[in-house]
Structure formats: structure tokens, C-alpha cells
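Undergrad: Below you will find the structure I want to go over with you.
The values are calculated or read from the model by the stated rules, or taken from the named source; none is laboratory data. Bear in mind the structure is a predicted one, so any value in this text is a computation, not a measurement. In this analysis, Cβ positions are derived from the backbone assuming ideal geometry, glycine residues included, and neighbour counts consider all displayed protein chains. Accessible surface areas use protein heavy atoms only, side chains included; no ligands, DNA or RNA. Shrake-Rupley method; radii C 1.70, N 1.55, O 1.52, S 1.80 Å.
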Amino acid sequence: MTIPIRRLSGALGAEILEFDPAKTLDASIVAELREIWLEHSILLFRDVDWTPAQHIAFTRHFGKLHIMPRIGTEVPVNLKQYPEIFVVSNVESNGKPVGIKRAGWGWHSDGEDKRIPNMGSMLYGVETPKVGGETSFASTYKAYEALSKSTKALIKGKRARFSRVDMHQINYPNLPPLTETEKLERPDVWHPIVRTHPETLRNCLYIGRWAVEIEDMPQEEGKKLIKDLTNHISNANFTYTHKWSPGDVVLWDNRCTQHCAIPYDDSLESRHMLRTTLEGDIPFYLASDGQRIESALV
Ligand code: OGA
Ligand code: MN
């Protein structure tokens with residue numbers, strides 16, 4: 001079977017047409033979907049109506065599921081009955097948040113602050129606002145390829161330090177600070193800035209809002225380079241912005257994309273999203289001369 005698709009932008013993304021991911025799939029369809037995913041980096045399914053169990057079952061076709069740890073002591077992160085489902089929501093019940101508010105307001109890929117970041121994430125729009133609440137996605141293949149020769153030479157084989165501890169309060173000012181135990185659980189990690197995708201073997205730019213420092217570079221210079229590279233990634237030539245409707249499901253590849261929830265006035269309407277997360281592997285950079293650089297804990 002050839003699954004019909006529609007490209008979402010010149011940069012990345014494919015909408016999967018005439019397809020219901022809530023249905024049982026056979027192995028050949030799963031293989032075809034993976035091929036489309038590897039080529040286009042993000043997949044969009046529309047008008048999906050499924051249960052958490054079906055969401056989990058469909059995600060499993062792409063790999064092992066990751067269970068998100070709690071962030072901050074008082075915030076619920078996952079559905080009680082389905083710990084595989086992470087809740088991104090501004091909804092409150094009895095005055096308490098039902099999920100993480102303002103998740104991902106800034107360019108990042110999921111789990112970039114961990115030694116083993118997440119391979120992919122699948123976000124399902126349950127309640128989506130009429131105004132605002134979009135998510136932008138960037139192809140970090142395209143962003144890498146468009147860098148100047150001198151920038152490519154500057155970052156080749158270099159790693160950046162990603163730090164949950166340094167950046168938690170900056171990226172999540174609305175969440176409680178990390179406890180001492182949580183700090184110990186989230187040690188800093190060095191990741192190669194040019195990352196080789198383990199399946200396509202294409203190189204991409206691996207940086208984001210948890211990056212704080214660049215190897216062998218004075219701190220201020222490193223910070224400026226991180227900022228410049230992050231700005232570069234968000235260039236319209238490399239991005240697609242998704243306006244959510246209820247029933248949309250987006251699966252993105254965290255190994256070769258970044259995403260950003262676009263900040264908006266979230267006091268006006270509900271935005272309730274459910275996310276499954278795929279387990280990943282240790283990032284590496286494989287140079288054409290055979291040099292291999294891997295992520296390492298600090
Ligand atoms: C996420 C995330 C962005 C959004 O779920 O990983 O960054 O737009 N979400 O909700
Ligand atoms: Mn995210």
C-alpha cells in the first residue's frame with residue numbers, strides 16, 4: 001500500500017491522509033509510516049478520536065515508550081491510570097492544575113537535557129484554543145545544512161552542556177524549583193552540537209533552550225553562539241507552524257527537529273493536550289573521517 005500524504009511546508013512535515021491511527025495496523029503499514037516519518041520528520045494525523053490506550057498502542061509501533069518523571073513536587077505530569085501519557089494543559093480541576101502549564105514555550109527538543117533524550121513525541125489535541133496556542137517545528141537538518149562553512153567548522157565535533165539545574169527556573173518560572181533530589185536526578189550532559197541521526201545518518205544541529213555552555217569556548221562567547229544558533233533554527237525557511245484543531249495528532253522526531261509552543265494569552269481558553277513519548281538513545285556525531293563523538297555526563 002502507498003499511504004497518501006500532503007506536505008505541510010517546504011521544510012518538513014507530512015500530513016497522513018485517509019488513515020485512522022486508532023485502527024489496528026499490520027507490519028507493512030507500520031514500516032511505510034516509519035519511512036515517511038524518517039523522510040519528513042513530523043507526521044500529522046487529523047480527526048483522530050481515540051482513547052489513551054489506543055494512543056499508547058499506536059505510539060508503540062514506533063518504539064519503546066518513555067514515562068516522564070515528575071517535575072516539581074506538586075505538579076501532576078502523567079495520567080493516573082496511564083503513566084505513559086504526559087499532560088500538557090492549562091486546565092484546572094478543583095483549583096489544581098491537571099497537567100503541565102506552558103510546556104515548551106521556547107525552542108527545544110524533548111529530553112535534550114538528559115543523557116538519553118527522547119526519540120520522538122506524539123501530541124494529541126483534545127481541547128485547542130481558537131486564538132493562539134500554535135506549535136512551531138523546525139528541521140534541524142535544514143538548519144544545519146544552511147550554516148556557513150565557517151560556522152560548520154567552528155561547531156564540528158564540539159559539544160554543548162545542557163543543564164536542567166541551571167535552566168529550570170528560567171524555562172519554567174511558573175513551576176516549583178527543583179528539589180535537591182531532583183537536581184541529583186537531572187545531572188548536566190554534554191551533547192554534540194552536530195548530531196548524526198542514528199537511522200538516516202544525516203547530520204543536524206542539536207542545540208536548544210537547555211544548552212548553557214560550549215566546550216572549549218569562553219562562557220560568554222558560548223552563550224552568544226547558542227543564542228545565534230537557536231535564532232537560526234527558527235528561521236521560516238526551516239519551519240512549519242501548526243495551528244491545532246481538536247483531534248490533531250502530531251508525531252515529531254526529536255533527533256532532527258526542534259519545536260516551540262508559541263506563547264499566547266492562555267487565560268482565555270482551554271488548551272488540553274495529551275502526549276506519549278518515545279525512548280531514545282545516546283546522541284553521537286559521526287564525521288566523514290570516522291571521528292565519533294558521543295554525549296557524556298559532566
Ligand atoms: C511538548 C511541547 C508544545 C506545545 O509537549 O513536548 O513542547 O505546543 N509542547 O504544547
Ligand atoms: Mn517539547
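Undergrad: Kindly state which strands (runs of 3 or more DSSP E) lie completely within the stretch 1-87 and contain at least 3 residues that are modelled with pLDDT of 95 or more and in contact with an Asp or Glu (Cβ under 9 Å, 6 or more places away or on another chain).
TA: 5-7, 42-45
Undergrad: I need the strands (runs of 3 or more DSSP E) fully contained in the stretch 213-298, keeping only those with at least 1 residues that are at pLDDT 95 or above, among the charged types (D, E, K, R) and open to solvent by 40 Å² or more (accessible area, probe 1.4 Å). Walk me through it before giving the result.
TA: Values: elements: 239-242, 249-253, 257-261, 272-278, 284-286, 292-294.
Here the list reads 292-294.
Undergrad: In the stretch 92-108, what residues are open to solvent by less than 50 Å² (accessible area, probe 1.4 Å), part of a loop (DSSP other than H, G, I, E, B) and either closer than 18 Å to residue 263 by Cβ or in contact with a Cys (Cβ under 7 Å, 6 or more places away or on another chain) (or both)?
TA: Residues satisfying the conditions are 99, 103, 104, 106, 107.
Undergrad: Let me ask something else about it. Within the bounds of the stretch 226-240, is there any residue that is of a type in the set (Lys, Arg) and free of Cβ contacts under 8 Å to residues at least 40 places away in the same chain?
TA: yes
Undergrad: Here is a follow-up. Given (1) touching a residue at least 40 places away in the same chain (Cβ under 8 Å); (2) of a type in the set (S, T, N, Q); (3) closer than 24 Å to residue 268 by Cα, identify the lone condition not met by residue 93.
TA: Looking at each condition in turn, residue 93 falls short on (1).
Undergrad: To continue, here is another question. Scan the stretch 89-131 for residues that are farther than 30 Å from residue 231 by Cβ, out of contact with any Ser or Thr (no Cβ under 8 Å at 6 or more places or on another chain) and acidic (Asp, Glu) and jot them down.
TA: 92
Undergrad: I'd like the full set of residues that are more than 9 Å from ligand 1 (Cβ to nearest atom), outside any loop (DSSP other than H, G, I, E, B) and either open to solvent by 10 Å² or more (accessible area, probe 1.4 Å) or closer than 25 Å to residue 166 by Cβ (or both), limited to the stretch 111-141.
TA: The answer is 124, 126, 127, 138, 140.
Undergrad: Take the residues of the stretch 208-225 that are in contact (Cβ under 8 Å) with a residue 60 or more places away in the chain and of a type outside the set (D, E, K, R): which is farthest from residue 290 (Cα to Cα)?
TA: For the stretch 208-225, the residue satisfying everything is 210.
Undergrad: What is the residue count in the stretch 1-26 for residues that are in contact with a His (Cβ under 9 Å, 6 or more places away or on another chain) and either among the charged types (D, E, K, R) or loosely packed, with under 13 Cβ neighbours inside 10 Å (or both)?
TA: Qualifying residue count, the stretch 1-26: 1.
Undergrad: Is there a residue in the stretch 144-162 that is assigned to a helix (DSSP H, G or I) and within 16 Å of ligand 2 (Cβ to nearest atom)?
TA: Scanning the stretch 144-162, I find no residue that is assigned to a helix (DSSP H, G or I) and within 16 Å of ligand 2 (Cβ to nearest atom), so the answer is no.
Undergrad: Are any residues in the stretch 270-298 in contact with a strand residue (DSSP E or B) (Cβ under 9 Å, 6 or more places away or on another chain) and charged (D, E, K, R), and if so, which ones?
TA: First, pick out the residues of the stretch 270-298 that are in contact with a strand residue (DSSP E or B) (Cβ under 9 Å, 6 or more places away or on another chain): 270-280, 282-287, 291-298.
Passing the criteria: 271, 275, 279, 292, 294.
Undergrad: Another one. Please give the number of the condition residue 86 fails out of (1) under 29 Å from residue 229 (Cβ atoms); (2) open to solvent by 20 Å² or more (accessible area, probe 1.4 Å); (3) under 17 Å from the mean Cα position of the chain (by Cα).
TA: Of the numbered conditions (1) under 29 Å from residue 229 (Cβ atoms); (2) open to solvent by 20 Å² or more (accessible area, probe 1.4 Å); (3) under 17 Å from the mean Cα position of the chain (by Cα), the odd one out for residue 86 is (2).
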